[in-house]
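Heads up, the thing below is written out as C-alpha cells.
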Amino acid sequence: MGQYLQFTNPNLDLSLAYTGTYNLLLVAVSVFTAIFASFVALQISERVTHAHARAHKIAWVTSGGISLGGGVWAMHFIGMLAFSLPCGIAYDPIVTLASMAPGVLASVFALWFVSFSKITSKLLLVAGVIMGAGIGLMHYSGMAAMRMDAIIYYSPPWFSLSIVTAVSLAVISLYAKCGIRKWQPHWASWQQSIVAAPFMGGAMAGMHYVAMEAAFFIPVSTPEESIIGFAPTILAVGIGVVTALIILLAFVSSLLGKYMENTKLLEKRSAELWVAMQAAEDMARTDPLTGMNNRLSFFEKSDSIHKLACRHNRAYAVITFDIDFFKQINDTHGHHIGDEALKALAKVVHETVRETDVAGRIGGEEFAVILPETSQENAGLLAERLRHNISQIVVQKGDANITFTASFGIAYHIQKEDRFEDILEWADEALYEAKKTGRNKVVTHQGCCD
C-alpha cells in the first residue's frame, strides 16, 4: 500500500506539482450522479424497512448497497474525468474495478443499520463511520488506479480532513434520512428520499473534492514511454454502463416495490373486507340484545340438524320456553328491566346447554333449543335444569330484587316423515299447556312420544 499512499514531507518540493483544472459541467454531473444514486438507495431502504422475511431484507439491502456503492464509484471517476492534468493518464483495470468493493460493502452495512425500526444515535454513528470509511477507502483505491507520469503525494492534514469529512457528512446524511422519517411520517417515501438524497450525495461528493485537495501530482524524473491501462474514454464508457445499471435498478426496484405495496394493500383490504363480511354475517344471524342465534340463524341450523337426523335415522328433541308474565315485568318495571331479564336468561341458557345444542331467541320473550341425538329423559332433565336456573335469576332495580320464572314445552323427533316445523309446533303446544296448568313447569307433547 506504501507505493499507492504516500504523504508529503519537508524534503518534497511541492512547487513541482502539476496544476490541475476542473470541467465544471462534469463536476456538476458527478454531484448529480451521487444524489441520484442516493435517492435510489434510500428508496430501496424503505423496502428493507417494510420487508418481513429475512431473505427479502437481504435482497433489498444488497440491491440498495450496489446502487449506492456503484453511485459512489461512478461519482468518483466522473470527478476524475472532470480533473485535467498536463500529462497522460490511464487507469489500472483491476484496481479500478476492485475500488468499487469498499463502497458497495460499506453501503450495504449502512443501509442495513438504517432499516431498523428503532435507530439510536449510537447506531447512526456506527453506520456513518462504516459508510464514511468505505467512501474514503473507495476514493483512495480509485486514486491508486491512476497510471501517469507522476507520483501522487497526499498532504496529511488534508488527508485527515477528507476522512473526517466523509464520516461526518455520512452521519449527517443518515441522520437527515432518519430525522425526516420521524419528523414528517405522513410524507410518502419518495418525498422523504428527495429531501434526504442531497445530504447523502453531498457526503460522497464533498469527501471526493476535499480529498482531491489533499493530492499533489509530482512529475517523475524519467517519464515512462507508455502508460498501460484504461484510457479515460474507456473509463467514461464503463461509468456510463454503471450509471445505466443504477437507473435500471431504480426502475425495476420502483416497479417491484410498487407491485409489492399494491399486493400488500390488496391483501390488507381483502382481510379487512373478510372481517367486515364476517361481522356483518354474524350480526345478520345474531340477536343484538341477547347475543344468541336470531330466528333466521336458529332455523338454518335446525334445518341442518333435522336433515342429518332424517338421513341417519336419529332422534332429536326441541324445547321451547318463554318468560312468565313478561308483559307485566315491562309494564311494571320498564322495558329496560325487561331487556335485562332477557339478557340474564340468555346467559343462563348459554351456561346450561351443551356445546352441540343450538339455542336461539325466536320471538320477543320466546326461546328455543334443539338438542341433537338426545333421549326424551335427557331432554326433560335439561329443561328442568333450565327452569330451575332461570327461577334463580335476580335482576336489580335500585334496592328491589326482581325475579321471574319460565314455562317449557318439549317435543321429540322420531319418524323421518316428521317435519321440523311440526315438531316446533308440538313443542309450542306443550308450552301453552304448561302455561294453562300453572306456569313455571315443563310439559312434554304426548302425540310425538306415543
Quiz prompt | Selected residue (only one of A17, A53 is assigned by TED's automatic domain parsing to the domain that holds H208 and at pLDDT 80 or above) | solution = A17
Quiz item: Looking only at region 320-361, which residues are out of contact with any Ser or Thr (no Cβ under 8 Å at 6 or more places or on another chain), more than 16 Å from Y432 (Cα to Cα) and among the β-branched types (V, I, T)?
Solution: I329, T332, I337, V348, V349, T352, V353, T356
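Here's the yes/no breakdown for (1) part of a helix (DSSP H, G or I); (2) under 23 Å from H445 (Cα atoms):
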{"position": "L289", "(1), (2)": "no, no"}
{"position": "S302", "(1), (2)": "yes, yes"}
{"position": "R314", "(1), (2)": "no, yes"}
{"position": "D331", "(1), (2)": "yes, no"}
{"position": "H336", "(1), (2)": "yes, no"}
{"position": "D339", "(1), (2)": "yes, no"}
Quiz item: Within region 392-413, which residues are surrounded by fewer than 20 Cβ atoms within 10 Å (Cβ to Cβ), outside any strand (DSSP E or B) and either acidic (D, E) or touching a strand residue (DSSP E or B) at 6+ places or on another chain (Cβ under 7 Å) (or both)?
Solution: V394, D399
Exercise. Determine whether region 305-319 contains at least one residue that is under 27 Å from I423 (Cβ atoms), at pLDDT below 90 and in contact with a Lys or Arg (Cβ under 6 Å, 6 or more places away or on another chain).
Key: yes
Quiz item: Hey, T356 hits all of (1) farther than 18 Å from V442 by Cα; (2) among the β-branched types (V, I, T); (3) assigned to a helix (DSSP H, G or I); (4) out of contact with any helix residue (DSSP H, G or I) (no Cβ under 6 Å at 6 or more places or on another chain) but one; which does it fall short on?
Solution: (3)
Quiz item: Pairs under 8 Å by beta carbon, first residue in contact (Cβ under 8 Å) with a residue 24 or more places away in the chain and at positive phi in region 385-399, partner assigned to a helix (DSSP H, G or I) and surrounded by 14 or more Cβ atoms within 10 Å (Cβ to Cβ), six or more apart or different chains?
Solution: none
Practice problem: Select from region 59-95 the residues that are surrounded by fewer than 21 Cβ atoms within 10 Å (Cβ to Cβ) and among the polar types (S, T, N, Q) and write down the one among them that is nearest to the chain's Cα centre (by Cα). | Solution: T62
Quiz item: So is I239 of a type in the set (A, V, I, L, M), surrounded by 14 or more Cβ atoms within 10 Å (Cβ to Cβ) and either modelled with pLDDT of 70 or more or in contact with a helix residue (DSSP H, G or I) (Cβ under 8 Å, 6 or more places away or on another chain) (or both) or not?
Solution: yes
Practice problem: Among what's in region 417-450 and is assigned to a loop (DSSP other than H, G, I, E, B) and of a type in the set (D, E, K, R), pick the residue that is modelled with the lowest pLDDT. | Solution: D450
Quiz item: Is it true that some residue in region 361-379 is touching a Leu at 6+ places or on another chain (Cβ under 7 Å), in a helix (DSSP H, G or I) and surrounded by fewer than 22 Cβ atoms within 10 Å (Cβ to Cβ)?
Solution: no
Quiz item: Which ones in region 7-21 are under 10 Å from F216 (Cα atoms) and not hydrophobic (A, V, I, L, M, F, W, C)?
Solution: T8, S15, Y18, T19, G20
Quiz item: Which condition does P223 not pass, out of (1) of a type outside the set (V, I, T); (2) modelled with pLDDT under 85; (3) surrounded by fewer than 21 Cβ atoms within 10 Å (Cβ to Cβ); (4) in contact with a helix residue (DSSP H, G or I) (Cβ under 7 Å, 6 or more places away or on another chain), if it passes all the others?
Solution: (4)
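Would you confirm, using the coordinates I've provided, whether F83 is assigned by TED's automatic domain parsing to the domain that holds F199, touching a residue at least 24 places away in the same chain (Cβ under 8 Å) and within 19 Å of Q192 (Cα to Cα)?
No: the conditions fail for F83.
The values are calculated or read from the model by the stated rules, or taken from the named source; none is laboratory data. Just so it is clear, the model here is predicted, and its values are computed rather than measured. Please note: Cβ atoms are built from the backbone with ideal geometry, for glycine as well, and neighbour counts cover all protein chains shown.
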